[in-house]
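These notes concern the structure reproduced below.
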Amino acid sequence: MTSPWSHLRWAGVLVWTLVLLSGCGTGPRYQAQQDDLVATLQFAQAPIVNQSVPVDVVFQRNGQTVAVTTVALDLQMPGMVMGSNRPLADASTDGTHRVNVLFTMDGEWSIVVTGESSQGPVRFVFERIIVNP
Ligand SMILES: [Cu+2]
């Protein structure tokens, strides 16, 4: 005999699988917009103090990837002098920029992303980047 609960059990298994897959190696995502240009920072995992974390940076206009060169990140803590921390991102052919960032203190950081596009300089400020102890 098949009970109606057997179907629910399968649904439960599927939902858990999806959650685990999407949670695997994916950290927080931050987005900023300027006019019609959108910049996205995708952390590989939640940032932890003094542990290098890979971040993918991508620029898009109307859903299409926009080419930006000499992409650099400037890591700052609001109201604190933390020294120069400006990792340069690697350019890749698909328009994604991979950069390893290192936060030297836990707390709230901001990241200023700069680069050059065909339409001129690009500058985005990401605020409230939370770094865990
Ligand atoms: Cu600090």
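Pick out, from segment 63-133, the strands (runs of 3 or more DSSP E) lying fully within it that include 2 or more residues that are in contact with a His (Cβ under 9 Å, 6 or more places away or on another chain) and farther than 15 Å from Gln31 by Cα. Lay out the reasoning, then the answer.
Numbers: elements: 68-76, 97-101, 107-117, 120-131.
Of the strands (runs of 3 or more DSSP E) lying wholly inside segment 63-133, those with at least 2 residues that are in contact with a His (Cβ under 9 Å, 6 or more places away or on another chain) and farther than 15 Å from Gln31 by Cα span 68-76.
Restricting to segment 82-129, give me the number of residues that are of a type outside the set (D, E, K, R), farther than 18 Å from Gln34 by Cα, within 16 Å of the ligand (Cβ to nearest atom) and modelled with pLDDT of 90 or more.
Going through segment 82-129 one residue at a time, the tally reaches 8.
Show the residue pairs that are 6+ apart or on different chains and have beta-carbon atoms under 8 Å apart, the first residue being within segment 103-124 and closer than 18 Å to Thr40 by Cβ and basic (Lys, Arg), the second being outside any loop (DSSP other than H, G, I, E, B) and within 16 Å of the ligand (Cβ to nearest atom).
Arg123/Val112
Consider Asn132 carefully, then state whether it is in contact (Cβ under 8 Å) with a residue 24 or more places away in the chain and either of a type in the set (Ser, Thr, Tyr) or more than 16 Å from the ligand (Cβ to nearest atom) (or both).
On the way: in contact (Cβ under 8 Å) with a residue 24 or more places away in the chain: yes; either of a type in the set (Ser, Thr, Tyr) or more than 16 Å from the ligand (Cβ to nearest atom) (or both): no.
Taking the combined requirement at face value, the residue does not satisfy it.
The values are calculated or read from the model by the stated rules, or taken from the named source; none is laboratory data. Only a predicted model underlies this, so the values are computations on that prediction, with no experimental measurement involved. Here the Cβ is made from the backbone with ideal geometry for all residues, glycine too, and neighbour counts use every protein chain on show.
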